[in-house]
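The values are calculated or read from the model by the stated rules, or taken from the named source; none is laboratory data. If you're wondering where the values come from, they're calculated on a predicted model, not measured in any experiment. No Cβ is skipped: glycine too gets one built from the backbone with ideal geometry, and neighbour counts run over all protein chains shown. Just so you know, the surface numbers come from the protein's heavy atoms only, side chains and all, with ligands and any DNA or RNA stripped out. Shrake-Rupley method; radii C 1.70, N 1.55, O 1.52, S 1.80 Å.
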Amino acid sequence: MPDAEPPIIQVRDLDFFYGPSLALSKINLDIRRRQVTALIGPSGCGKSTFLRCLNRMNDTIPGTRVAGQILLEGMDIYAPEVDLAHLRQRVGMVFQKPNPFPQTIFDNVVFGPRAVGLARQRADLDEIVERSLTQAALWDVVKDHLDEDAQSLALGEQQRLCIARMLAVKPEVILMDEPCSALDPIATLEIEELIAELKAQYTIVIVTHNMQQAARVSDETGLFWLGELVEFSPTQRMFTRPEQQLTEDYITGRMG
Amino acid sequence: MPQSLRAAFDREFDDICDKLVHLSQMVDWAIQRAMTALLEQDSLTAEAVVANDGDVNRLRFEIEEACIVLIATRQPAASDLRSVVAVMHIVVELERMGDHAAGIARIVLLMEDEPLLKTLKKFPKMGELSRQMLADVVQSFLKRDPEWAREIAGRDARLDKLYHATIDRLLKFMVKKPDAVQRCTYLMWVAHNLERIADRSTNIAEQVVYMMTGDMNELNV
């Protein structure tokens, strides 16, 4: 593990509350740059809640509260002066179900850059569209139909379009919340290959129900259980000789 | 994996373990019969041991195939994965032990009714120790007991000692009686086979330790 570079995200003693109930308790972990970090655990364990803390998506839910710190490049993302739009540009998110806007493929990709004022000129937008779609391994498929409705694409292609839409604003961190759960096995494999390519440039955090997917795509894996981070280890170690008995029991199907 | 898949994995792995035990019993039978053939100069028994070796090989491949199917269909992880991998190593060791037993039996056939040497008195002891190590190491696998496995591996030193003492005596005997060189050479090969059988029990012990701890270490260095 290259330790030379400091982690891009540092989570320190993070607690998260839905109203009075504690959903995450004392989470501490480092997310390394240009690595894929997988978060696993049974439904309701807090892994998606944790993921949504990383770009403050939980802020949209009333009655939630955070304690502790999440530092992005040393900056506390919950500090009052943080601009949410800017934070979410730096820390993008891909959801379970592909959610393209009811617009053309082109307009989907340039939505972000237009919204944050990254580019206005047609030539700049064209460049962003080609770059983003190429990175999302979709350019060759759609380059001749950029003005078609995004919803005409197959589900796997829609998901890659959503990834392209996020890449268009040049994020540093990509959060993926079960990005393959709505996809068939081939489309799933394509997304997994894409993750492997994207990690050359981006830091990726992925929540997955599919333990084998975590084993296939990630460098480090965290197991959440009842709102706590039980173990956070290099993936190879996690799936061959985990440190915690609870991890062993979970990944061998003895509980959960 | 969900509980139902967990149960299916356990069932299939138990079947594999039953077959592994059967394989170890076949190998133990081969060692025991090969030693009897040697001590009683019984070529019929020796032939039976040689003939049996094909069954040992077939069962080894059958178990390996079952392990591959289990990996492909159940995707075991952590200690489950280590257990399946350990079995795949253990059955190779058992099969090779069978080869060593067949090797002893083949030497018996070569020796025909040449008179045996006094040195032979160490051979029954080596045979007993090797068989006990085999029986115990298979039990340590079934009981998932790495400490016991380590203890069994430690016994290999006694066998090595007997082996070296035997080789020394055979060499001295050869010097004194050049006409016994052929017989002594055969017996050296018998001793070598017995010593290798014990080494392979040590290798199995290493697999038991790996299965339970994830540590890959040579036990007798």
Helix A:122-135 sits at what angle to the longest principal axis of chain A, using alpha carbons and giving 0 to 90 degrees rounded to 10?
40
At a Cα cut-off below 27 Å, give the lysines reachable from residue A:47, other chains included and same-chain residues fewer than 8 away excluded.
A:26, A:97, A:170, A:199
Going toward the positive end of the dipole of chain B, with +1 on Lys and Arg Cβ and -1 on Asp and Glu Cβ, which of B:208, B:164, B:103 do you reach last?
B:164
Charge tally for neighbours of residue A:149 with beta carbon under 14 Å away, counting Lys, Arg as +1 and Asp, Glu as -1, is -4
What is the angle, in °, between the Cα long axis of helix A:155-167 and the longest principal axis of the Cα atoms in chain A? Nearest 10 is fine, range 0 to 90.
90
Would you work out what percent of the accessible area of the protein assembly as shown, with all protein chains in place, is carbon or sulfur (probe 1.4 Å)?
52
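With all pairs of different alpha carbon atoms counted, what Kirkwood hydrodynamic radius in Å does segment B:1-155 show?
Value: 17.0 Å, from the Cα pair sum.
Report the Stokes-Einstein translational diffusion coefficient (µm² s⁻¹, integer) for segment A:21-150, Rh taken as the Kirkwood radius over Cα pairs, at 10 °C with viscosity 1.306 mPa s. Spell out each step's value before the answer.
Numbers: Rh = 17.4 Å.
In µm²/s, the coefficient rounds to 91.
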Area accessible to solvent at residue A:39, 1.4 Å probe radius, in Å²:
0
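How charged is the neighbourhood of residue B:48? Take every other residue with its Cβ under 12 Å from the Cβ of residue B:48, and add Lys/Arg as +1 and Asp/Glu as -1.
So the environment of residue B:48 carries a net charge of -3.
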Candidate aspartates and glutamates for bridging to residue B:125, where Cα separation is under 18 Å - those fewer than 8 sequence places away on the same chain excluded:
B:28, B:40, B:136, B:156, B:160, B:168, B:195, B:199
Compute the accessible area of each residue in segment A:229-246 twice, once for its chain alone and once with every protein chain present, using a 1.4 Å probe on heavy atoms, and list those whose area falls by at least 10 Å².
A:239, A:240, A:241
Charge dipole of chain A built from unit charges on the beta carbon (Lys, Arg +1; Asp, Glu -1), centred at mean Cα; most positive-end Cα among A:186, A:208, A:113 is A:208
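Given the rule -39500 (n - 2.57) for each run of at least 4 DSSP H residues, summed and divided by the residues of the protein assembly as shown, what is its mean residue ellipticity at 222 nm, to the nearest 500 deg cm²/dmol?
Calculated mean residue ellipticity at 222 nm is -19500 deg cm²/dmol.
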Pairing the Cα long axis of helix B:122-142 with the longest principal axis of chain B, what angle in degrees results, from 0 to 90 and rounded to the nearest 10?
0
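Report the antiparallel proportion of the DSSP beta bridges in the protein assembly as shown as a percent, rounded to a multiple of 5. Before the final figure, lay out each step's value.
Values: 24 of 41 bridges.
Counting only bridges with both partners in the protein assembly as shown, antiparallel ones make up about 60 percent.
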If every Lys and Arg gets +1 and every Asp and Glu gets -1 at its Cβ, then about the Cα centre segment B:3-213 yields a dipole, in debye to the nearest 20, of 820
Looking at the P(r) of segment A:171-256, how many percent of alpha-carbon pairs lie beyond 23 Å?
25
Suppose every K and R has +1 on its Cβ and every D and E has -1 on its Cβ; what is the size of the dipole of chain A about the Cα centre, in Debye to the nearest 20?
420
Grab the other residues whose beta carbon is less than 11 angstrom from that of residue B:152, score K and R as +1, D and E as -1, and report the net.
-4
Phi-based couplings in Hz for segment B:39-54 (Karplus 6.51, -1.76, 1.60; Gly and Pro marked x):
6, 9, 6, 10, 6, 4, 5, 4, 4, 5, 5, 4, 5, 5, 4, x
Less than 24 Å apart at the alpha-carbon level, and either on another chain or at least 8 residues along: which lysines does that give for residue B:122?
B:161, B:172, B:176, B:177
Restricting attention to the alpha-carbon atoms of the protein assembly as shown, what are Rg (one decimal) and Dmax (integer), both in Å?
31.8, 102
Student exercise, segment B:1-53 dipole from Lys, Arg, Asp, Glu Cβ charges, in Debye to nearest 20:
180
Quick one: in segment A:9-251, what % of C-alpha pairs are over 29 Å apart?
29
Report the longest stretch of chain B that contains none of the GluC sites (Glu not before Pro) sitting in a DSSP loop with at most 14 other Cβ atoms within 10 Å.
B:1-111
³J(HN,Hα) computed for each position of segment B:145-157 - Karplus, 6.51 cos²θ - 1.76 cosθ + 1.60, integer Hz, glycine/proline x:
10, x, 5, 4, 4, 4, 4, 4, 4, x, 5, 4, 4
Taking θ as phi - 60°, what are the ³J(HN,Hα) couplings along segment B:171-188 by the Karplus curve (6.51, -1.76, 1.60), each to the nearest whole Hz, with x for Gly and Pro?
4, 4, 4, 4, 5, 6, 10, x, 6, 9, 4, 4, 4, 4, 5, 4, 5, 4
